[in-house]
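Colleague: Structure below; questions to follow.
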Amino acid sequence: MTDQKAIASPKKTKEILNKYGFSFKKSLGQNFLIDVNILEKIMHFAGIDKETGTIEVGPGMGALTEQLAIHSDKVVAFEIDQRLVPILQDTLSAYSNIEIVNKDVLKADIHQVITSQFKPDQEIIVVANLPYYITTPILMKLLMDRLPVSSYTVMIQKEVAERMAAEPNSKSYGSLSLAVQYYTKASIVMNVPKTVFMPQPNVDSSVLHLEMRETPPVTVEDEHFFFDVVQASFGQRRKTLRNNLSRHFKDKLNKETIEQYLNQAGIDGTRRGESLSMEEFANLANTFCKAI
Ligand code: SAM
(Lines give C-alpha, C1' and ligand atoms only; values in the text may rest on other atoms or scores of the structure.)
Protein backbone atom coordinates (compact mmCIF):
# COMPACT_ATOMS: atom_id res chain seq x y z
CA MET A 1 0.00 0.00 0.00
CA THR A 2 1.32 3.44 -0.82
CA ASP A 3 -1.21 5.74 0.74
CA GLN A 4 0.00 9.28 0.04
CA LYS A 5 -2.23 10.65 2.76
CA ALA A 6 -0.97 8.32 5.53
CA ILE A 7 0.74 9.97 8.50
CA ALA A 8 3.60 7.49 8.05
CA SER A 9 5.50 9.29 5.29
CA PRO A 10 8.53 11.61 5.42
CA LYS A 11 6.53 14.45 3.82
CA LYS A 12 3.52 14.26 6.14
CA THR A 13 5.71 13.81 9.25
CA LYS A 14 7.76 16.92 8.35
CA GLU A 15 4.55 18.85 7.72
CA ILE A 16 3.26 17.96 11.21
CA LEU A 17 6.63 18.75 12.82
CA ASN A 18 6.66 22.20 11.20
CA LYS A 19 3.00 22.96 11.90
CA TYR A 20 3.46 22.36 15.64
CA GLY A 21 7.15 23.30 15.98
CA PHE A 22 7.60 19.87 17.56
CA SER A 23 11.09 18.79 18.64
CA PHE A 24 11.87 15.11 19.30
CA LYS A 25 12.74 14.10 22.84
CA LYS A 26 15.48 11.50 22.70
CA SER A 27 14.92 10.78 26.40
CA LEU A 28 11.41 9.48 25.51
CA GLY A 29 12.67 7.24 22.69
CA GLN A 30 10.88 9.29 20.04
CA ASN A 31 11.72 7.66 16.70
CA PHE A 32 8.62 7.93 14.52
CA LEU A 33 7.76 5.56 11.67
CA ILE A 34 7.68 7.13 8.22
CA ASP A 35 7.02 4.07 6.03
CA VAL A 36 3.48 2.84 5.60
CA ASN A 37 4.62 -0.42 3.95
CA ILE A 38 6.30 -1.48 7.20
CA LEU A 39 3.08 -0.69 9.04
CA GLU A 40 1.07 -2.85 6.62
CA LYS A 41 3.44 -5.74 7.36
CA ILE A 42 3.04 -5.16 11.10
CA MET A 43 -0.78 -5.30 10.65
CA HIS A 44 -0.34 -8.65 8.89
CA PHE A 45 1.94 -10.16 11.57
CA ALA A 46 -0.36 -8.90 14.34
CA GLY A 47 -3.23 -10.88 12.78
CA ILE A 48 -5.53 -7.90 13.22
CA ASP A 49 -9.15 -7.71 12.03
CA LYS A 50 -12.18 -5.44 12.41
CA GLU A 51 -13.36 -7.32 15.52
CA THR A 52 -10.07 -6.87 17.40
CA GLY A 53 -9.45 -4.36 20.16
CA THR A 54 -5.92 -2.94 20.08
CA ILE A 55 -3.70 -1.31 22.70
CA GLU A 56 -0.80 0.83 21.58
CA VAL A 57 2.03 2.15 23.73
CA GLY A 58 3.44 5.48 22.54
CA PRO A 59 1.39 6.68 19.55
CA GLY A 60 3.79 9.56 18.83
CA MET A 61 2.19 11.50 15.98
CA GLY A 62 -0.21 8.68 15.17
CA ALA A 63 1.53 6.82 12.31
CA LEU A 64 0.78 3.34 13.70
CA THR A 65 -2.38 4.45 15.53
CA GLU A 66 -3.93 5.45 12.22
CA GLN A 67 -3.34 2.00 10.69
CA LEU A 68 -4.70 0.33 13.85
CA ALA A 69 -7.83 2.49 13.61
CA ILE A 70 -8.31 1.47 9.98
CA HIS A 71 -7.73 -2.26 10.54
CA SER A 72 -9.24 -2.91 14.00
CA ASP A 73 -12.43 -2.21 15.96
CA LYS A 74 -10.93 0.18 18.50
CA VAL A 75 -7.54 1.53 19.58
CA VAL A 76 -6.53 2.64 23.07
CA ALA A 77 -3.13 4.37 23.01
CA PHE A 78 -1.02 5.37 26.05
CA GLU A 79 1.20 8.41 25.42
CA ILE A 80 3.39 9.96 28.12
CA ASP A 81 4.27 13.17 26.24
CA GLN A 82 1.59 15.77 26.86
CA ARG A 83 2.79 17.84 23.85
CA LEU A 84 1.58 15.07 21.53
CA VAL A 85 -2.02 15.08 22.74
CA PRO A 86 -3.23 18.11 20.68
CA ILE A 87 -1.20 16.87 17.71
CA LEU A 88 -2.88 13.46 17.85
CA GLN A 89 -6.30 15.12 18.16
CA ASP A 90 -5.53 16.85 14.87
CA THR A 91 -3.78 14.05 12.91
CA LEU A 92 -6.34 11.42 13.91
CA SER A 93 -9.45 13.62 13.74
CA ALA A 94 -10.90 11.50 10.90
CA TYR A 95 -11.19 8.43 13.17
CA SER A 96 -13.81 7.96 15.87
CA ASN A 97 -12.49 4.65 17.25
CA ILE A 98 -9.35 5.95 19.04
CA GLU A 99 -8.91 6.75 22.73
CA ILE A 100 -5.69 8.52 23.72
CA VAL A 101 -4.68 8.07 27.36
CA ASN A 102 -2.11 10.69 28.39
CA LYS A 103 -0.27 8.51 30.93
CA ASP A 104 3.00 6.75 31.54
CA VAL A 105 2.14 3.16 30.61
CA LEU A 106 4.29 1.90 33.48
CA LYS A 107 2.02 3.68 35.95
CA ALA A 108 -1.34 3.10 34.27
CA ASP A 109 -3.98 0.70 35.54
CA ILE A 110 -4.34 -1.15 32.25
CA HIS A 111 -6.80 -3.74 33.62
CA GLN A 112 -9.18 -0.91 34.46
CA VAL A 113 -8.68 0.73 31.05
CA ILE A 114 -9.41 -2.58 29.29
CA THR A 115 -12.60 -3.10 31.29
CA SER A 116 -13.86 0.41 30.56
CA GLN A 117 -12.78 0.72 26.91
CA PHE A 118 -13.35 -2.67 25.27
CA LYS A 119 -16.35 -4.95 24.86
CA PRO A 120 -16.60 -7.90 27.24
CA ASP A 121 -14.85 -10.96 25.72
CA GLN A 122 -13.40 -8.92 22.86
CA GLU A 123 -10.04 -10.22 21.63
CA ILE A 124 -7.40 -7.67 22.60
CA ILE A 125 -3.89 -7.41 21.21
CA VAL A 126 -1.00 -5.04 21.85
CA VAL A 127 0.75 -3.49 18.85
CA ALA A 128 3.48 -0.90 19.37
CA ASN A 129 6.68 0.71 18.21
CA LEU A 130 8.15 0.80 21.71
CA PRO A 131 10.48 3.48 23.08
CA TYR A 132 13.87 1.73 23.11
CA TYR A 133 15.00 3.03 26.49
CA ILE A 134 12.30 1.12 28.42
CA THR A 135 11.32 -1.78 26.14
CA THR A 136 12.04 -4.49 28.70
CA PRO A 137 10.32 -2.83 31.71
CA ILE A 138 7.24 -2.13 29.58
CA LEU A 139 6.95 -5.64 28.16
CA MET A 140 7.66 -7.31 31.50
CA LYS A 141 5.06 -5.15 33.25
CA LEU A 142 2.43 -5.99 30.63
CA LEU A 143 3.23 -9.71 30.76
CA MET A 144 3.45 -9.94 34.55
CA ASP A 145 0.19 -7.99 34.95
CA ARG A 146 -1.37 -10.95 33.12
CA LEU A 147 -3.56 -8.71 31.02
CA PRO A 148 -6.38 -10.33 29.05
CA VAL A 149 -4.34 -9.84 25.86
CA SER A 150 -3.82 -12.63 23.32
CA SER A 151 -0.67 -11.35 21.58
CA TYR A 152 1.97 -8.63 21.45
CA THR A 153 3.49 -7.45 18.17
CA VAL A 154 6.18 -4.92 18.97
CA MET A 155 8.97 -3.08 17.20
CA ILE A 156 11.99 -3.14 19.49
CA GLN A 157 15.77 -3.03 19.36
CA LYS A 158 17.01 -6.03 17.33
CA GLU A 159 19.42 -7.19 20.02
CA VAL A 160 16.68 -7.19 22.68
CA ALA A 161 14.29 -9.07 20.35
CA GLU A 162 17.01 -11.70 19.84
CA ARG A 163 17.44 -12.09 23.59
CA MET A 164 13.70 -12.43 24.16
CA ALA A 165 13.27 -15.09 21.44
CA ALA A 166 16.57 -16.97 22.05
CA GLU A 167 16.86 -20.74 22.43
CA PRO A 168 19.24 -22.50 24.87
CA ASN A 169 22.91 -22.73 23.86
CA SER A 170 22.85 -19.50 21.89
CA LYS A 171 24.73 -16.29 22.59
CA SER A 172 21.53 -14.33 23.28
CA TYR A 173 19.92 -16.86 25.65
CA GLY A 174 19.57 -15.63 29.22
CA SER A 175 17.17 -14.79 32.03
CA LEU A 176 15.21 -12.42 29.75
CA SER A 177 14.54 -15.27 27.25
CA LEU A 178 13.18 -17.43 30.06
CA ALA A 179 11.08 -14.64 31.57
CA VAL A 180 9.43 -13.81 28.23
CA GLN A 181 9.02 -17.43 27.13
CA TYR A 182 7.47 -18.41 30.47
CA TYR A 183 4.47 -16.24 29.50
CA THR A 184 4.59 -16.37 25.68
CA LYS A 185 5.75 -18.11 22.51
CA ALA A 186 8.23 -15.65 21.06
CA SER A 187 9.33 -15.19 17.45
CA ILE A 188 11.09 -12.50 15.44
CA VAL A 189 8.92 -11.87 12.38
CA MET A 190 10.84 -9.11 10.62
CA ASN A 191 14.04 -7.07 10.77
CA VAL A 192 13.61 -3.38 10.02
CA PRO A 193 16.17 -0.91 8.63
CA LYS A 194 16.94 2.37 10.42
CA THR A 195 15.79 4.33 7.37
CA VAL A 196 12.07 3.86 8.19
CA PHE A 197 12.35 6.10 11.28
CA MET A 198 12.57 9.84 11.82
CA PRO A 199 14.98 10.59 13.41
CA GLN A 200 16.97 7.44 12.62
CA PRO A 201 17.93 5.50 15.78
CA ASN A 202 21.49 4.31 16.40
CA VAL A 203 20.38 0.70 16.71
CA ASP A 204 18.79 -1.87 14.39
CA SER A 205 15.19 -2.90 14.98
CA SER A 206 13.08 -6.05 14.73
CA VAL A 207 9.42 -6.82 15.06
CA LEU A 208 8.84 -9.38 17.80
CA HIS A 209 5.61 -11.38 17.98
CA LEU A 210 4.61 -12.82 21.35
CA GLU A 211 1.69 -15.22 21.48
CA MET A 212 0.36 -15.47 25.05
CA ARG A 213 0.37 -18.97 26.54
CA GLU A 214 -2.76 -20.06 28.37
CA THR A 215 -0.60 -21.71 31.01
CA PRO A 216 3.17 -21.59 31.54
CA PRO A 217 5.11 -24.38 29.76
CA VAL A 218 6.49 -25.67 33.11
CA THR A 219 5.03 -26.18 36.58
CA VAL A 220 6.94 -24.38 39.31
CA GLU A 221 6.29 -24.48 43.06
CA ASP A 222 7.12 -20.80 43.50
CA GLU A 223 7.37 -18.46 40.50
CA HIS A 224 9.40 -15.85 42.33
CA PHE A 225 11.93 -18.47 43.44
CA PHE A 226 12.06 -19.97 39.91
CA PHE A 227 13.08 -16.60 38.44
CA ASP A 228 15.53 -16.08 41.31
CA VAL A 229 17.27 -19.37 40.43
CA VAL A 230 17.27 -18.43 36.72
CA GLN A 231 18.83 -15.02 37.48
CA ALA A 232 21.41 -16.59 39.78
CA SER A 233 22.37 -19.21 37.17
CA PHE A 234 23.26 -16.48 34.67
CA GLY A 235 24.94 -14.33 37.37
CA GLN A 236 28.33 -14.64 35.72
CA ARG A 237 27.91 -16.15 32.28
CA ARG A 238 31.34 -17.78 32.10
CA LYS A 239 30.99 -19.48 35.48
CA THR A 240 29.53 -22.93 36.04
CA LEU A 241 26.08 -23.46 37.47
CA ARG A 242 27.68 -24.80 40.65
CA ASN A 243 29.71 -21.61 41.15
CA ASN A 244 26.88 -19.22 40.33
CA LEU A 245 24.43 -21.02 42.65
CA SER A 246 27.02 -21.27 45.47
CA ARG A 247 27.64 -17.54 45.27
CA HIS A 248 23.94 -16.69 45.23
CA PHE A 249 22.89 -19.01 48.06
CA LYS A 250 26.07 -18.65 50.15
CA ASP A 251 24.18 -17.42 53.23
CA LYS A 252 21.67 -20.26 53.12
CA LEU A 253 23.37 -23.36 51.68
CA ASN A 254 26.89 -24.78 51.81
CA LYS A 255 28.65 -26.16 48.71
CA GLU A 256 27.98 -29.81 49.63
CA THR A 257 24.25 -29.20 49.94
CA ILE A 258 24.21 -27.38 46.60
CA GLU A 259 26.01 -30.33 44.97
CA GLN A 260 23.57 -32.74 46.57
CA TYR A 261 20.54 -30.85 45.20
CA LEU A 262 22.10 -30.51 41.76
CA ASN A 263 22.54 -34.30 41.73
CA GLN A 264 18.99 -34.78 42.92
CA ALA A 265 17.75 -32.60 40.04
CA GLY A 266 19.90 -34.67 37.67
CA ILE A 267 21.88 -31.63 36.52
CA ASP A 268 25.64 -31.58 36.16
CA GLY A 269 27.01 -28.64 38.18
CA THR A 270 29.80 -28.06 35.66
CA ARG A 271 27.26 -26.96 33.04
CA ARG A 272 26.61 -23.29 32.34
CA GLY A 273 23.23 -21.59 32.72
CA GLU A 274 23.00 -21.01 28.97
CA SER A 275 22.77 -24.78 28.32
CA LEU A 276 19.70 -25.37 30.52
CA SER A 277 16.21 -25.59 29.05
CA MET A 278 13.16 -24.07 30.78
CA GLU A 279 12.19 -27.60 31.97
CA GLU A 280 15.62 -28.10 33.54
CA PHE A 281 15.43 -24.72 35.30
CA ALA A 282 11.97 -25.62 36.63
CA ASN A 283 13.27 -28.95 37.90
CA LEU A 284 16.27 -27.24 39.50
CA ALA A 285 14.15 -24.55 41.18
CA ASN A 286 11.58 -27.07 42.45
CA THR A 287 14.36 -29.19 43.97
CA PHE A 288 16.11 -26.22 45.60
CA CYS A 289 12.78 -24.82 46.79
CA LYS A 290 12.59 -27.68 49.30
CA ALA A 291 15.96 -26.75 50.78
CA ILE A 292 15.50 -23.02 51.19
N1 SAM B 1 4.07 4.96 17.50
C2 SAM B 1 4.82 6.08 16.99
C3 SAM B 1 5.42 5.71 15.67
O4 SAM B 1 5.62 4.52 15.43
O5 SAM B 1 5.72 6.60 14.87
C6 SAM B 1 5.89 6.55 17.95
C7 SAM B 1 6.83 5.49 18.49
S8 SAM B 1 8.18 6.14 19.41
C9 SAM B 1 9.39 4.86 19.16
C10 SAM B 1 7.77 5.84 21.13
C11 SAM B 1 6.64 6.67 21.71
O12 SAM B 1 6.45 6.27 23.07
C13 SAM B 1 6.88 8.17 21.77
O14 SAM B 1 5.75 8.85 21.29
C15 SAM B 1 7.09 8.48 23.27
O16 SAM B 1 6.69 9.78 23.65
C17 SAM B 1 6.23 7.39 23.91
N18 SAM B 1 6.61 6.99 25.28
C19 SAM B 1 7.86 6.97 25.81
N20 SAM B 1 7.81 6.51 27.08
C21 SAM B 1 6.50 6.22 27.35
C22 SAM B 1 5.81 5.73 28.50
N23 SAM B 1 6.48 5.42 29.63
N24 SAM B 1 4.47 5.59 28.44
C25 SAM B 1 3.79 5.90 27.30
N26 SAM B 1 4.39 6.38 26.18
C27 SAM B 1 5.73 6.53 26.20
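Colleague: Would you mind calculating the gained length between residue 214 and residue 85 on full extension (0.36 nm times residue separation, minus the Cα-Cα distance), in nm to one decimal?
Modeller: 42.9 nm
Colleague: Output wanted: per-residue J couplings in Hz (rounded whole) for region 259-264, from phi through Karplus 6.51 cos²θ - 1.76 cosθ + 1.60, θ = phi - 60°, x for Gly and Pro.
Modeller: Calculated HN-Hα couplings, in order: 4, 4, 6, 4, 4, 4 Hz.
Colleague: Calculate, in nm to one decimal, what residue 145 and residue 119 gain on full extension: separation in residues at 0.36 nm each, minus their alpha carbon distance.
Modeller: That pair, residue 145 and residue 119, stretches by 7.4 nm at full extension.
Colleague: Can I ask one more? At residue 202 and residue 94, where each label point lies 7 Å from the Cα along Cα→Cβ, what is the point-to-point distance in nanometres?
Modeller: Reported label-point gap for residue 202 and residue 94 is 3.8 nm.
Colleague: Comparing 177, 277, 206, which has the greatest mean-square fluctuation in the GNM of the chain with Cα pairs linked when under 10 Å apart?
Modeller: Of 177, 277, 206, the most mobile in the Gaussian network model is 277.
Colleague: Mind checking which aspartates and glutamates have their C-alpha under 17 Å from residue 290, skipping anything on the same chain fewer than 8 residues away?
Modeller: 221, 222, 223, 228, 251, 256, 259, 280
Colleague: Let me ask something else. Per residue of region 15-22, what does 6.51 cos²θ - 1.76 cosθ + 1.60 with θ = phi - 60° give for ³J(HN,Hα)? Whole Hz please, x for Gly and Pro, Karplus curve as stated.
Modeller: Couplings: 4, 5, 4, 5, 4, 9, x, 7 Hz.
Colleague: Considering the options 23, 68, 113, tell which one lies farthest towards the positive end of the dipole of the chain, charges being +1 on Lys and Arg and -1 on Asp and Glu at the Cβ, about the Cα centre.
Modeller: Value computed over the given set: 23.
Colleague: Shifting gears a bit: Roughly speaking, to the nearest percent, how much of region 10-212's 1.4 Å accessible area is carbon and sulfur?
Modeller: Summing carbon and sulfur atoms, their accessible area is 51 percent of the total for region 10-212.
Colleague: Also, quick follow-up: Under a cut-off of 13 Å between alpha-carbon atoms, report the aspartates and glutamates in cross-link reach of residue 19, not counting same-chain residues fewer than 8 places apart.
Modeller: 90
Colleague: Given the chain, what percent of its DSSP beta bridges are antiparallel, to the nearest 5?
Modeller: 50
Colleague: Here is a further query. Give, rounded to the nearest 20 debye, the magnitude of the charge dipole that the chain has about its Cα centre when Lys and Arg contribute +1 at Cβ and Asp and Glu contribute -1 at Cβ.
Modeller: Around 1100 debye, computed over the chain.
Colleague: What angle do you read, to the nearest 10 degrees and between 0 and 90, between the alpha-carbon axis of helix 278-291 and the longest principal axis of the chain?
Modeller: Value to nearest ten degrees: 50.
Colleague: Here's another thing I want to ask about it. Which residue fluctuates the most in the chain, going by a Gaussian network model with Cα springs under 10 Å, if the choices are 180, 192, 126?
Modeller: 192
Colleague: Let me ask something else about it. Given a cut-off of 26 Å, name the pairs among 171/250; 25/107; 41/185; 50/158; 5/158 whose C-alpha atoms lie farther apart than that in the structure shown.
Modeller: Where the Cα-Cα span goes over 26 Å, the pairs concerned are 171/250; 50/158; 5/158.
Colleague: Report the residue, chosen from 62, 21, 47, that carries the largest GNM mean-square fluctuation when the chain is represented by alpha-carbon nodes joined by springs under 10 Å.
Modeller: Looking only at 62, 21, 47, the biggest GNM fluctuation is shown by 21.
Colleague: Restricting to Cα pairs below 8 Å that are 6+ residues apart, what does the relative contact order work out to for the chain? Please round to a whole percent.
Modeller: Taking the mean separation of contacting Cα pairs over the length of the chain, I get 15 percent.
Colleague: Compute the FRET efficiency between residue 223 and residue 257 as 1/(1 + (r/R0)^6), taking r as their Cβ-Cβ distance and R0 = 25 Å, and round to the nearest 0.05.
Modeller: E between residue 223 and residue 257, to the nearest 0.05, is 0.60.
The values are calculated or read from the model by the stated rules, or taken from the named source; none is laboratory data. Quick caveat, the model's predicted, so the values are computed rather than measured. Cβ atoms come from the backbone with ideal geometry, glycine included; neighbour counts cover every protein chain shown. Areas reflect the complete protein model, heavy atoms only, side chains present, ligands, DNA and RNA absent. Shrake-Rupley method; radii C 1.70, N 1.55, O 1.52, S 1.80 Å.
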